[in-house]
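Derivation of every value follows stated rules applied to the coordinates shown; laboratory data play no part. Being a predicted model, the structure only gives us computed values, none of them experimental. Quick reminder, even Gly has a Cβ in these numbers, built from the backbone with ideal geometry, and neighbours come from all protein chains shown.
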Amino acid sequence: MAMRANVQRRYLFDLKLGLRLGNRLRGEEIAVFKAMTRDGLEGRWSPGAKVQHFIPKGRQTKKYLRPYYRVLGVLDALNMAQEGQDLLSIDSSIFSL
């Protein structure tokens, strides 16, 4: 992802989200992109762009991936609820990650 500095300054990342010690909720970039889209900004997809990702072996295990995708599900449910989509009741115990 890349964006102009003046755009980045207008759309700050939510500091309550993002991977860090004690926090497993992600999606800070999704929230920024939704705000940009809502305000009429457009992006471009560059299918020919080459990106190399280094994924440590520790992140290629079920022990890592299970909670990772569980949190993504929680985040999706929260986003759906914020957008007013009908959900079954969300069990509050999911927040004790």
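For K63, the lysines whose Cα falls under 28 Å of its own Cα, not counting residues fewer than eight places away in the same chain, are K16.
Between L17 and any residue 5 or more places off or on another chain, the built amide H atoms are never under 5 Å apart. Please give me the summed charge of the neighbours of R4: other residues whose Cβ is under 15 Å from its Cβ, Lys and Arg +1, Asp and Glu -1. Overall, the nearby charge balance is +1. For a modelled paramagnetic label at V7, 7 Å from Cα along Cα-to-Cβ, the residues of segment 33-60 in reach, with backbone nitrogen under 19 Å, are 33-51. Scaling against 2.2 N^0.38 Å puts the C-alpha radius of gyration of segment 33-76 at 1.70.
Protection proxy ranking of 53-65, 31-43, by the mean of other Cβ atoms within 10 Å over each peptide's residues and highest first, is 31-43, 53-65.
Taking 0.36 nm per residue of separation and subtracting the current Cα-Cα distance, fully stretching the chain between M80 and F54 would add 6.3 nm.
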